[in-house]
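A short write-up of the structure that comes next.
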Amino acid sequence: MKKFMNGLMKAENVVTAASFSVMVFIAAGNVFSRKVLHQSWSFTEEITGGLFVVITMLGAAGAARDGSHIGFSLFTDYLPQAIRKKISLITMLIAVFFFGYLLIYGVEMVWSEMVSNQTTPAMGWPEWIFGLTIPVGSVFLMAHFTERALTEAFQKGGDKE
């Protein structure tokens, strides 16, 4: 299982780096085109918007895997380690259920976009292609929160960090 999750993380890193590279390239190209050629690339916003969601979801999944997702620990920092661990596990389970709900909502959204044949304004691509980022990102987030919860649940002793 650990090998699979490490492979998944490597794939996420490649996709994130490639997405960021494409965003930088087309955004810089659009600036050049606007300033020098006086022509704007209308597709830039669609692609960068979609890739931004990909990067955000995969970045959040990586943060979940590392245990560095945003949290408010003012109260839990003063609790005994055993109670902190239980609260952390409960929080991760809530996150898994939340992203499960987001997965269901995302699938319904993609289905609706497919059925209604929605297309993007500039490129005319099917809108569901960009909509897939929500359910796919939710799967990655669920996987990493589950992995982190299992790691913490079966971890012996004190804090890993």
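Cross-link partners for K10 among the aspartates and glutamates, with Cα-Cα distance under 20 Å and sequence neighbours closer than 8 places in the same chain left out: D66, E147. For the chain, the Kirkwood estimate of hydrodynamic radius, built from reciprocal distances between every pair of different alpha carbons, is 18.0 Å. Near T119, the amide H atoms lying under 5 Å from its own belong to E127; only residues 5 or more places off or on other chains count, and H is placed 1.01 Å from N. Here the 3J(HN,Hα) profile of the range 138-144, calculated from phi with Karplus coefficients 6.51, -1.76 and 1.60 at θ = phi - 60°, is 5, 5, 4, 5, 4, 4, 6 Hz, Gly and Pro shown as x. For every other residue with a beta carbon closer than 12 angstrom to the beta carbon of K2, add +1 if it is Lys or Arg and -1 if Asp or Glu, then tell me the sum. The answer is +1. Shape class for the range 37-94, computed from the alpha carbon gyration tensor (a ≥ b ≥ c): prolate, with a/c not under 1.5 and a/b above b/c.
Applying the Karplus relation 6.51 cos²θ - 1.76 cosθ + 1.60 with θ = phi - 60° to the range 66-76 yields 3J(HN,Hα) values of 7, x, 10, 5, 5, x, 10, 10, 3, 7, 6 Hz, where x marks Gly and Pro. Taking each residue as 0.36 nm, the span from V24 to K2 lengthens on full extension beyond its C-alpha to C-alpha distance by 4.6 nm.
Taken together, the values in this text are just the output of simple stated rules run on the coordinates, not laboratory data. As the structure is a prediction and not an experimental result, all values here were calculated from the model. A quick note on method: Cβ atoms are made from the backbone with ideal geometry, for glycine too, and the neighbour counts reach across all protein chains shown.
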